[in-house]
Amino acid sequence: MRAEDLISTRPTAEEITESLRQLPTPRPDAVDALRQRFAATHEKPSAASWPPFLEGARIKRDARYADAPSSHRPVVGPALVMAKRAFRLAFQPFINEALRRQVEFNEAILDALALIHEHQRVHARTQTLWRQEVEKRLEQLDAQMPPKTPEAEPPTKPSGEDTGAEPARGKSRRRGR
Amino acid sequence: MANVSLWNSKRGTASPSVGRVHQLVARLAWGDAVGNQVRYLRDLLRGWGFASEIYADQWDESCRDQVRPAHDYPREADADSALLIHHSFESRLVPIVARSKGRKALLYHNVTPARFFEGSDRHVARGCTVAREELRALRDHVTHAWAYSHFSAEELTAAGYRDASVLPFAVDWNAFNVPADPALRAQMEDGCANILFVGRTVPSKRLEDVLRVFTAYQRLYQPRSRLLVAGTLSNSAPYDASVLALREQLGPERVVFLGRVDSAQLSACFASATAYLSMSRHEGFGVPLLEAMYRGVPVVAYGAAAVPETMGGAGVTTLTDDPVEVAGLLAVLERDAALRARVVDAQRERLAPLDQETVARRVREALTPFLEGRAPAREKRGPDGPTVVCPGFETAPDAPMSRLARAVVDRLPGARLWTVRRQVMPLQLAPKEARSDGAAVWHFTPDEPASREGQDVPPSSSLETAVCCATGPVLFAGADEEVARRTVTRLHSRTVAGGVWETRRAPDEGVRLALGARLWELSPGADVDALATDVAQALEAGGRTHAR
């Protein structure tokens, strides 16, 4: 850490950085592993947009405003549509009040669905990272194990019984899938 | 006499002195900084002989006896009443303020920028945006305005409040002298180094960074360590869920989310803490930092918003958020006893000017002109000249965009250049005009320190507020900057706005739509002077149209 990255009057920033230099230096591989871990868990700030599967419901959540459905009838149809539009225009404040609770409910249920979706997304991400971590540790253990010699093989059990020998780490079931 | 007409107009009826000084707050909560401050001021005002009540729109059940409904205030107020309005979030109280008689003043606690909540809590994000609009709307109804930090006062000035100043933040130190919960303390004092964080779990507090720093500390320096987080955390909010998931992903041991704690439990946390860690990106003041100092716990805090000012040079303020480096600071405070003792001593000295009597005296001095009905002199504000908003001007004055911004200012009479300060300082000062080779340059404080390697200029709430309040032509240089994205749709309806963008950094669709034809591209190798002339002419023409 540089002194210019600190604000401190007593002790001064220089004194703190000097004390930092006295600390035992962490192992570089441990620091690298940590930084990789931080980078892997660093999520970019999500945009304000909703999950795609909720977009359709989100567009329709406000039930107060809707255009009158069109009509295929040649003369009566347009007149009816116009009448419906005029009705909506005239009574919109009452429509708003009548549907206010419905809109609030729609928004609340959308929020709840978005939260469940977020939980699932975060859970899946955690599981992925955890699996990657476990596999990495298994590989490290494999690398640390001494190569097996024929003399080191455990004595075989009587025929008809399972040998009980663990499968070699290098051919783990997980990676064999 | 000129002041009297102003005083009697929109700002309420004049009265040379008042016997009633009330307070208005959106929500009176138990235990939060705003609620504590409101109660403190009420007691102080009553002690000075004023009748004083708290009016609120909402309140905690435990505060029911302390509060009156806000909608009663216009009926109960008269010309002799005075009202202190606390503003920290969306309140919907502006209409009540507008129709209330008597004099009014604003106490600004700061509003968390909406960007922290976008993508995680759109209701709160919207509330933050509305709160800033209310801040501008309140300006026409108050005679005085105070903030609790210079950082916040800067935003008041940017919003057009004249003579905005700082009111000392009162902390009830006696409230911290609660004996520690013995059971919790015994549990925590088991030989582990305890790192403490106290606060709400909201995105602006960056609990995820606290977790990262602690993980680095535990893995690299002190395996026998524990992280204590005192503050409500539930699994029902997206941000809280992401914090809990991150704990699983990082895998540190002994991370304890204590939830809401009482005073005795909080005392136990501080009593057993090795260090207090804050990585918050936004604080209007930062009471827990002072509480840690009072309890003799060394503080390591990220220097965003008003944090450097609250720390006042004491503790350790870091301008980098690199978890490994911040973890080193925690380690050095744990291992170097002499250094730790000096930090704790400096923290105690920091608190000396904040004792109750001194603060009460300074609060009275600050409020006296308002209480006595002395209105500040107000000059009539003329229309703004053209404004060129170039956040990166101070960071990279020789960059093509900065040169263009400067060239446009030189071509427009009365124009000013707004930029963001490169450095975070222990004491932020309200933006003031400075002359740079004849051009008027205003420097606004960034909300957080600039990253070491990043070219992006950090956002500035004050700059965004100032842009929203600008009445003259505005040029965004560049149009891809966050300030353009956030303010272009919130400008005055008659403001003429334009933007310049560099080829490698195109503005987003919203900015393109809002600026329309007044958007120019600054391509590599382009003639900056020729483009500046075109831009200046277009802005000048737009400004004239506006003036007619």
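The values are calculated or read from the model by the stated rules, or taken from the named source; none is laboratory data. Keep in mind it's a predicted model, so treat the numbers as computed, not measured. Methodologically, a virtual Cβ is constructed for each residue, glycine included, from the backbone with ideal geometry; neighbour enumeration extends over all protein chains shown.
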Original post:
Picking from A:111, A:67, which residue would you name as being of a type in the set (Asp, Glu) and more than 14 Å from chain B (Cβ to nearest Cβ)?
Top reply: A:67
**OP:** For the range B:199-220, enumerate the residues that are within 10 Å of chain A (Cβ to nearest Cβ) and touching a Phe, Trp or Tyr at 6+ places or on another chain (Cβ under 7 Å).
**Re:** B:203, B:212
Original post:
All but one of (1) over 23 Å from residue B:278 (Cα atoms); (2) of a type outside the set (Gly, Ala, Ser); (3) assigned by TED's automatic domain parsing to the domain that holds residue B:273 hold for residue B:106; which doesn't?
Top reply: (3)
Original post:
Restricting attention to the range B:48-57, does a residue exist that is within 23 Å of the chain's Cα centre (by Cα), over 20 Å from residue B:372 (Cα atoms), modelled with pLDDT under 90 and surrounded by fewer than 18 Cβ atoms within 10 Å (Cβ to Cβ)?
Top reply: no
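Do you know which residues across the range B:307-331 are on the phi > 0 side of the Ramachandran plot and in contact (Cβ under 8 Å) with a residue 40 or more places away in the chain?
Just the residues of the range B:307-331 that are on the phi > 0 side of the Ramachandran plot, to begin with: B:312-313, B:315.
Answer for the range B:307-331, where residues must be on the phi > 0 side of the Ramachandran plot and in contact (Cβ under 8 Å) with a residue 40 or more places away in the chain: B:312, B:313.
Just to be sure I understand, how many residues within the range B:287-306 are over 17 Å from residue B:349 (Cα atoms) and free of Cβ contacts under 8 Å to residues at least 40 places away in the same chain?
Taking the range B:287-306 and keeping what is over 17 Å from residue B:349 (Cα atoms), we get B:301-306.
Among the residues that remain, those that are also free of Cβ contacts under 8 Å to residues at least 40 places away in the same chain are: B:301.
The total comes to 1.
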Original post:
Out of the range B:93-124, which residues are within 14 Å of another protein chain (Cβ to nearest Cβ) and under 15 Å from residue B:205 (Cα atoms)?
Top reply: B:113, B:114, B:115, B:116, B:117, B:118, B:120, B:121, B:124
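Just checking, does the range A:74-90 include any residue being in a loop (DSSP other than H, G, I, E, B) and either at pLDDT below 90 or among the basic types (Lys, Arg) (or both)?
Within the range A:74-90, the subset in a loop (DSSP other than H, G, I, E, B) is A:74-75.
Checking the rest, the ones that are also either at pLDDT below 90 or among the basic types (Lys, Arg) (or both) come to A:74-75.
Yes, the range A:74-90 has at least one match.
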**OP:** Check off (1) touching a helix residue (DSSP H, G or I) at 6+ places or on another chain (Cβ under 7 Å); (2) without any contact (Cβ under 8 Å) to a residue 60 or more places away in the chain; (3) closer than 30 Å to residue A:109 by Cβ for residue B:131 and give me the number that stays unchecked.
**Re:** (1)
**OP:** Return the pairs, sorted by first residue and then second, in which the second residue is outside any helix (DSSP H, G or I) and modelled with pLDDT under 90, the first residue lies in the range A:15-36 and is facing chain B (nearest Cβ under 7 Å), the beta carbons are less than 9 Å apart, and the residues are 6+ apart or on different chains.
**Re:** A:16/A:1; A:20/A:1
**OP:** List the helices (runs of 4 or more DSSP H) that sit entirely inside the range B:173-254 and contain at least 3 residues that are of a type in the set (Gly, Ala, Ser) and in the same structural domain as residue B:333 (by TED's automatic domain parsing).
**Re:** B:238-250
**OP:** Taking the residues in the range B:341-366 that are under 16 Å from residue B:146 (Cα atoms) and in contact (Cβ under 8 Å) with a residue 60 or more places away in the chain as candidates, determine which candidate is farthest from the other protein chains (Cβ to nearest Cβ).
**Re:** B:364
Original post:
Among the residues of the range B:230-239, is any within 10 Å of another protein chain (Cβ to nearest Cβ), in contact with a His (Cβ under 9 Å, 6 or more places away or on another chain) and either surrounded by 21 or more Cβ atoms within 10 Å (Cβ to Cβ) or more than 23 Å from residue B:37 (Cβ to Cβ) (or both)?
Top reply: yes
**OP:** Taking residue B:478 as the residue in question, decide whether it is modelled with pLDDT under 85 and either of a type in the set (Ser, Thr, Tyr) or in contact with a helix residue (DSSP H, G or I) (Cβ under 9 Å, 6 or more places away or on another chain) (or both).
**Re:** yes
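Kindly establish whether residue A:101 is outside any loop (DSSP other than H, G, I, E, B) and either modelled with pLDDT of 90 or more or exposed (fewer than 11 other Cβ atoms within 10 Å of the Cβ) (or both). Reasoning before the result, please.
Values: outside any loop (DSSP other than H, G, I, E, B): yes; either modelled with pLDDT of 90 or more or exposed (fewer than 11 other Cβ atoms within 10 Å of the Cβ) (or both): yes.
Taking the combined requirement at face value, the residue satisfies it.
Do the conditions hold for residue B:526, that is, is it closer than 20 Å to residue B:410 by Cα and in a loop (DSSP other than H, G, I, E, B)?
Working: closer than 20 Å to residue B:410 by Cα: yes; in a loop (DSSP other than H, G, I, E, B): yes.
Here the answer is yes, as residue B:526 does meet what is asked.
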Original post:
Is it the case that some residue within the range B:257-267 is more than 10 Å from chain A (Cβ to nearest Cβ), crowded, with 24+ Cβ neighbours inside 10 Å and in contact with a Leu (Cβ under 6 Å, 6 or more places away or on another chain)?
Top reply: no
Original post:
Do we find that residue B:353 is within 25 Å of residue B:41 (Cβ to Cβ), in contact with a His (Cβ under 8 Å, 6 or more places away or on another chain) and at pLDDT below 90 in this structure?
Top reply: no
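Being surrounded by 13 or more Cβ atoms within 10 Å (Cβ to Cβ), within 11 Å of chain B (Cβ to nearest Cβ) and either touching a Lys or Arg at 6+ places or on another chain (Cβ under 7 Å) or over 23 Å from residue B:237 (Cβ atoms) (or both): is that true of residue A:40 here?
Taking the combined requirement at face value, the residue satisfies it.
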